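Peer 1: After the structure tokens below, expect a handful of questions from me.
The values are calculated or read from the model by the stated rules, or taken from the named source; none is laboratory data. Values in this document were obtained by computation on a predicted structure and should not be read as measured data. Cβ atoms come from the backbone with ideal geometry, glycine included; neighbour counts cover every protein chain shown. The area values use the complete protein model at the heavy-atom level, side chains included, leaving out ligands, DNA and RNA. Shrake-Rupley method; radii C 1.70, N 1.55, O 1.52, S 1.80 Å.
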Amino acid sequence: MHHTSLIALLVVGFALAFLFGGLAHRLRLSPLVGYLIAGVLMGPFTPGFIGDASLAPQLAEIGVILLMFGVGLHFSLRDLLDVKGIAVPGALVQIGFVTALGWGLARLIGWPNVTGIVFGLALSVASTVVVLRGLEERRLLDSSRGRIAVGWLIVEDLAMVLALVLLPALGGREGGNIGVAIVMTIAKVGGFVVFMLLVGRRVIPWILERVAGTGSRELFTLCVLTIALGVAFGSAHLFGVSFALGAFFAGVILSESEFSQQAASETLPLRDAFAVLFFVSVGMLFDPMILIEEPMNVLATFLVVVLGNGIAAWGVARLLGKPGSTARLLAVSLSQIGEFSFILGSLGASLGMLSKDGQSLILAAAILSIVINPLLFALHDRIEARRERSKPEAIEVMSPPLPDGERPHVILIGYGRVGSELGPLLQAHDIPLVVIDDDLPLVERARAAGIPAVRGHAANPVVLTEARPERAQMALVAIPNAFESGEIIERLRELNPTISVIARAHSDAGVKYLLERGADGAVMAERELAHSLAEMVGALPAFRGERSLPPATA
């Protein structure tokens, strides 16, 4: 019967997660919402199938281990150092501010101080999955704003890892001797870190290299999973630290290996599967009756998450001198909570530091905030588009200036991954070129290469006017966001109806949209790559047919 319970839990859990995750995706919501709802339907608080309450936490623990292993595997100290000036103080201030708000709400409800701290911490950390999805959809991950958001997330994750280390010390205190418990915990963690740096840093890459040398994909995958689960298990039993911390450090150590990318790709399906089970098991703990019995507490918790995190992120970014566009993006991105909130809540509940009602409030706020996040992003996009069209501020003068002469030039909009490759190619063919980009480092990069560049948003007519569109023969729109590209094309047509416009797209729908907005052509990278590869194959002697080179002349 026990084995039957496990199979039933897996089958029903995956089936419901697939069903509601797919529905959430169709509604343009994060699939996390669907996974959580699947868990709610399997929980003891709703009618129908009830998952085995003794098995779900163990499966969830494996999910936490693999989730934290993935966080460590993708941890990038370089990304953090690039934006440390805003990400470190910004994230710490935001966490402190929202934790204080959560603590205050907990005290109003009547909970003790320690519960309030755990509750507040859980409300202060955004879901990495949700943030990255929002940035990827807008092709902002490689922008300066995107890098700041990613660095901010890294600091939040590191702060939560530290919280996971210290919570057991606070929860297991005896006789009020909290200081001794914290010192002992830090000493254990320190011993574990030293062991991993001295031993794990040498042994783990060595093992991976030997296993990779066998050429067996199965053995390599098993090796990575053994490292993740083994280090997590060993750290808990030998050093007394959490499974989560052990898995995180295993990922960090493995990320330094040349096989880190392969390890990430080989274990991704299993990590995703158990991550789904983790969210399902969290949903099983949620009592929907709290929405009816304590609607004001649910609303207050939701407002702390959305407004507290959003206002804190926006305010800190502005105080540190970042432009309004960066501050607004951070505010929208971070105004929701997710996986670390659930991990903290589950750990707090297991230590007796958080009640079931507290867990339910965290879960309710997570579901509501993740549901509303795409709407906030859509509002953000509209505000940004409207401000870029209408803002009258002075635009940087083109630098260096276009060469004198009557030759028409080409306007290259976007100097990111595609534009920075295209610009030098045009320059090498002696084609006059002007670059437009709103990212200062990219503008400086173009100017350093001797290409005239204008800093600003190309949908702003003032910016376009500075690039002399009336003299331009062609415009190349190399930015990845089809919505922004469409607006830019319309502005170009207004300023020069005869200009030729070629834009970049990522789908057939994007191609259609850009052509409808006035582009003369739209290039889809995947399609052009396929054509290029086909031409290379067709150029091989074996596939050229009867064609032959002309005879050499004497």
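Peer 1: Kindly report, to the nearest 10 Å², the accessible surface of TYR415 as traced by a 1.4 Å probe over protein heavy atoms only.
Peer 2: 10
Peer 1: Additional query: Quick one, which of (i) -0.44; (ii) -0.38; (iii) -0.50 is the actual log10 I(q)/I(0) by the Debye sum over Cα atoms at q = 0.07 Å⁻¹ calculated for this model?
Peer 2: (iii)
Peer 1: Separate question: Using helices alone, I'd like the mean residue ellipticity at 222 nm for the chain: each DSSP H run of four-plus residues gives -39500 (n - 2.57), total over residue count, nearest 500.
Peer 2: -21500 deg cm²/dmol
Peer 1: Helices from the chain with mean Kyte-Doolittle at least 0.5 and a Cα length along the axis of 27 Å or more, per DSSP H: which?
Peer 2: Passing helices, by number: 2-26, 84-109, 144-171, 217-238, 260-284.
Peer 1: Also: Ignoring ligands and nucleic acids, what accessible area does LYS512 show with a 1.4 Å probe (Å², nearest 10)?
Peer 2: 130
Peer 1: Decide, for the stretch 255-345, between rounded, prolate and oblate: order the square roots of the alpha carbon gyration tensor eigenvalues as a ≥ b ≥ c, take rounded if a/c falls under 1.5, and otherwise choose prolate if a/b is larger than b/c, else oblate.
Peer 2: oblate
Peer 1: Can you give the longest run of the chain that contains no GluC sites (Glu not before Pro) sitting in a DSSP loop with at most 13 other Cβ atoms inside 10 Å?
Peer 2: 1-173
Peer 1: Using a 1.4 Å probe and ignoring any ligands, DNA or RNA, find the accessible area of VAL276 and quote it in Å² to the nearest 10.
Peer 2: Approximately 20 Å² for this residue.
Peer 1: Quick check: pseudo-label points 7 Å beyond the Cα along Cα→Cβ at LEU529 and ARG26, how many nm apart are they?
Peer 2: 3.0
Peer 1: Something else now. Can you give me the distance in nm between label points at GLN427 and GLU256, each placed 7 Å from the Cα along the Cα-to-Cβ direction?
Peer 2: 3.7
Peer 1: To continue, here is another question. According to a simple spin-label model (label point 7 Å from Cα along Cα-to-Cβ), what is the distance in nm between ALA385 and THR498?
Peer 2: Label at THR498, label at ALA385, 3.1 nm between them.
Peer 1: What full-extension length gain, to one decimal in nm, is calculated for SER216 and ASP357 as 0.36 nm per residue of separation minus the Cα-Cα distance?
Peer 2: Between SER216 and ASP357, full extension yields 45.9 nm more.
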